[in-house]
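My structure is below; once you've seen it, I'll send some questions.
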């Protein structure tokens, strides 16, 4: 085998991951309840609180089916994640899984997807948070942040300052420590779920069957396109797997947390989307900001339900940004330890036992995206990154079954290999429905990351000059 081909195909042994996890630098402080909350916290709200205004104009009331399709595909992938997380319980998520199963070049391609999946989605939800903050301020004190300071340049503003501030606050909390961040997130998730249940109960009073009459005005193409737009709202299932080196009893805890998050998330998404499209005509969703709050105000004729929901969204979207930023820093931590990116990202502060420098860099980059880009572009770019990463995880399960059949697994995918193959097919189906410009930008981004790999990572890899994994 040619030397270059040997280099790009070298794999990191699972045993090496296990040794690094034990030697670590990161502290195991997260239990099952907190980890489940991490998954729910990164997922619930990312779609429901604001993406309906992007998805309903594309699919109509059939956006309900879009959520179900996205949930089924995410569920198939979640089962695959559960097996890999129990077999390779380390930081780095699908990047680490790809490195262990498919080789270094594929791992860098997956890393490109994850940088989109986490960094861009953190920016997207920060923009959504800004919308709900404005709704809350307007309802409570009758004052709104000027458009120049609350919208991206493309949306008519100068910078989305609230989104930038949110990213900065979450970065500061992550710098303080993982256990503190996990406790704060758990509290915010409780608020989030309560607020969404309030929405379902109150908005039921506005149910109008006529709103569902033209159920799928744009046909199957609209339904699948909307599924692609909202798929990024299932990112929390991936976020669970980024915490592998900070979880107690990871082989048992991680698959359980993934499955708990999946069931909770899908149930809430479907319930809220059904009630929302029945309570409001589909044409009113287009361009609507703080949509769920606006629906409650219309249904009740009062501002208090919308105010409560906006307040809940402000709190709960904070938790999404927190967990997604956490996931990004841990993926870069794993890459820095492997030599794929500068060692700055793997440097752990002795006092807080967190990657402080890496967290600051991520916070600055995400803050710039949140302040300067519109939410619709951010959502689609996140979706394609998420889908490709999910696809690789499903392939990784099948590869690891062949290359390491005796490896200890705390969970095994049922109906193997039918479910992993179905997951791959579902991801490809949704990817094919995304806009051409989204796929072109994604391809350019992946090419840029791979160019960085050949310029830097291939020479600095910790596997360079060894026979490990070849």
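With respect to residue 463, is the statement that it is surrounded by 15 or more Cβ atoms within 10 Å (Cβ to Cβ), under 17 Å from residue 85 (Cα atoms), touching a residue at least 40 places away in the same chain (Cβ under 8 Å) and in contact with a helix residue (DSSP H, G or I) (Cβ under 9 Å, 6 or more places away or on another chain) true?
Working: surrounded by 15 or more Cβ atoms within 10 Å (Cβ to Cβ): yes; under 17 Å from residue 85 (Cα atoms): no; touching a residue at least 40 places away in the same chain (Cβ under 8 Å): yes; in contact with a helix residue (DSSP H, G or I) (Cβ under 9 Å, 6 or more places away or on another chain): yes.
Judged against the criteria, residue 463 is not a match.
With the condition kept exactly as written, say whether any residue in the range 366-378 is in a helix (DSSP H, G or I), under 25 Å from residue 78 (Cα atoms) and at pLDDT 85 or above. Spell out how you get there, then give the answer.
Restricting attention to the range 366-378, the residues satisfying the condition of being in a helix (DSSP H, G or I) are 366-372, 375-378.
If we keep only those that are under 25 Å from residue 78 (Cα atoms) as well, we get 378.
From what is left, the residues that are at pLDDT 85 or above are none.
Within the range 366-378, not a single residue is in a helix (DSSP H, G or I), under 25 Å from residue 78 (Cα atoms) and at pLDDT 85 or above.
Sort through 414, 405 and tell me the only one that's in a loop (DSSP other than H, G, I, E, B), closer than 17 Å to residue 82 by Cα and touching a residue at least 40 places away in the same chain (Cβ under 8 Å).
On the way: 405 fails: touching a residue at least 40 places away in the same chain (Cβ under 8 Å).
Being in a loop (DSSP other than H, G, I, E, B), closer than 17 Å to residue 82 by Cα and touching a residue at least 40 places away in the same chain (Cβ under 8 Å) holds for just one of 414, 405, which is 414.
In the range 227-257, how many are closer than 26 Å to residue 428 by Cα, modelled with pLDDT of 75 or more and out of contact with any helix residue (DSSP H, G or I) (no Cβ under 6 Å at 6 or more places or on another chain)?
The number of residues fulfilling the criteria is 0.
To continue, here is another question. Please go through (1) within 18 Å of the chain's Cα centre (by Cα); (2) surrounded by fewer than 24 Cβ atoms within 10 Å (Cβ to Cβ) for residue 111 and return the number of the only condition it doesn't satisfy.
With respect to (1) within 18 Å of the chain's Cα centre (by Cα); (2) surrounded by fewer than 24 Cβ atoms within 10 Å (Cβ to Cβ), residue 111 is out only on (2).
Could you tell me which numbered condition residue 397 fails, if it satisfies all but one of (1) buried (at least 22 other Cβ atoms within 10 Å of the Cβ); (2) free of Cβ contacts under 8 Å to residues at least 24 places away in the same chain; (3) more than 30 Å from residue 162 (Cβ to Cβ)?
For residue 397, the failing item is (2).
Moving on to the next point. Restricting to the range 433-447, and then to whatever is touching a residue at least 12 places away in the same chain (Cβ under 8 Å) and part of a helix (DSSP H, G or I), can you tell me which residue is farthest from residue 5 (Cα to Cα)?
If we take residues in the range 433-447 being touching a residue at least 12 places away in the same chain (Cβ under 8 Å) and part of a helix (DSSP H, G or I), then 438 is farthest from residue 5 (Cα to Cα).
How about the range 275-290: which of its residues are modelled with pLDDT under 85 and buried (at least 24 other Cβ atoms within 10 Å of the Cβ)?
Of everything in the range 275-290, just one residue is modelled with pLDDT under 85 and buried (at least 24 other Cβ atoms within 10 Å of the Cβ), namely 290.
Could you tell me which residue of the range 9-22 is modelled with the lowest pLDDT, considering only residues that are surrounded by fewer than 17 Cβ atoms within 10 Å (Cβ to Cβ) and under 16 Å from residue 462 (Cα atoms)?
Residue satisfying both the conditions and the ranking: 18.
The values are calculated or read from the model by the stated rules, or taken from the named source; none is laboratory data. All values reported here derive from a predicted model rather than from experimental measurement. When we count neighbours, we look across all protein chains shown, and the Cβ atoms used for this are built from the backbone with ideal geometry, even at glycine.
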